[in-house]
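Data first, discussion second: the structure below is written as structure tokens.
The values are calculated or read from the model by the stated rules, or taken from the named source; none is laboratory data. Every value quoted in this text rests on a predicted model; they were computed, and no experiment measured them. Cβ atoms come from the backbone with ideal geometry, glycine included; neighbour counts cover every protein chain shown. The area values use the complete protein model at the heavy-atom level, side chains included, leaving out ligands, DNA and RNA. Shrake-Rupley method; radii C 1.70, N 1.55, O 1.52, S 1.80 Å.
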Amino acid sequence: MTNVGPEFSVFALLGLPEFRPGDDVAGILGDALAGVARDGDIVAITSKIVSKAEGRIVAAADREDAITAETVRLVAERAHADGSGTTRIVENRQGLVMAAAGVDASNAPDGHVLLLPENPDRSALHIAQVLRDRLGIRVGVILTDTFGRPWREGQTDQAIGAAGVTVLEQLAGTADANGKTLHVTAPAVADELAAAAELVKGKAAGRPVAVIRGLGHLVTGLDVPGARALQRASDRDMFRQGSQEAYAEGYAAGLATHSD
């Protein structure tokens, strides 16, 4: 018999309705997961369905205006060479650094855009509480959204909200397989879960929810930090600005010093 190591599985939850403002996401998922979910499962939910249910759909004749309204800080901005517009990487009201502040025109009615949930961790906590009460088992919940990444092409899903699940595994102080002490290793577990879930959810397949099974050791009480804990503090952020923005700021500071 071949030796095998640890394993887990991920599957999409089928048969969910199209979500609309006012829908009870937790209740609908509770019905869908009854008889399906097991103790220790982690439910990964595309944040868009939570945004829709929470009424985070706004009329926006100009998507750029909606992005501006959700922006707290401009990180980087580049005009497209073909003149088709400008891409903005910004910090939004939820403290997330992402393209277009997370404002999305896809899967929204014409003339409208979707904003991210106002407080993703709070939304995840509510869903987790309802599911645990309804199903009588311990489940974790993560809300996911799509991000680009510095230095890498393409996008991947990350966790923007979480409840009842480890989001950051602190391995500093433990030893590796060779007995060497790890100093800074801290896997972003919630982001890894979000990316795994996206492989079965898909971007346009109408499968907004996935269940991750076999990682029950990551399911916790509901009093642990949510996904906000993954956001790096500004004093530890080595890439707080884009290269052009950093150059412009340094140039302006140099001019000011010279003028003095």
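Worth pointing out:
- Residue within region 24-44 that is of a type in the set (D, E, K, R), over 20 Å from R207 (Cα atoms) and loosely packed, with under 14 Cβ neighbours inside 10 Å present: yes
- Of residues in region 52-68 being open to solvent by 50 Å² or more (accessible area, probe 1.4 Å) and in a helix (DSSP H, G or I), the one modelled with the highest pLDDT: T68
- F8 satisfies every condition listed in (1) touching a residue at least 12 places away in the same chain (Cβ under 8 Å); (2) open to solvent by less than 70 Å² (accessible area, probe 1.4 Å) except (2).
- Tabulated pairs, region 224-240, first acidic (D, E), second open to solvent by less than 90 Å² (accessible area, probe 1.4 Å), C-beta under 9 angstrom, 6+ apart or interchain: D237/V97
- Of all residues in region 17-29, none that is touching a residue at least 60 places away in the same chain (Cβ under 8 Å) has its Cβ atom under 7 Å from the Cβ atom of a residue that is of a type in the set (S, T, N, Q) and surrounded by 13 or more Cβ atoms within 10 Å (Cβ to Cβ), 6 or more apart or on another chain.
- Filtered by the rule that a residue be at pLDDT below 95 and among the hydrophobic types (A, V, I, L, M, F, W, C), region 201-223 gives A204, A205.
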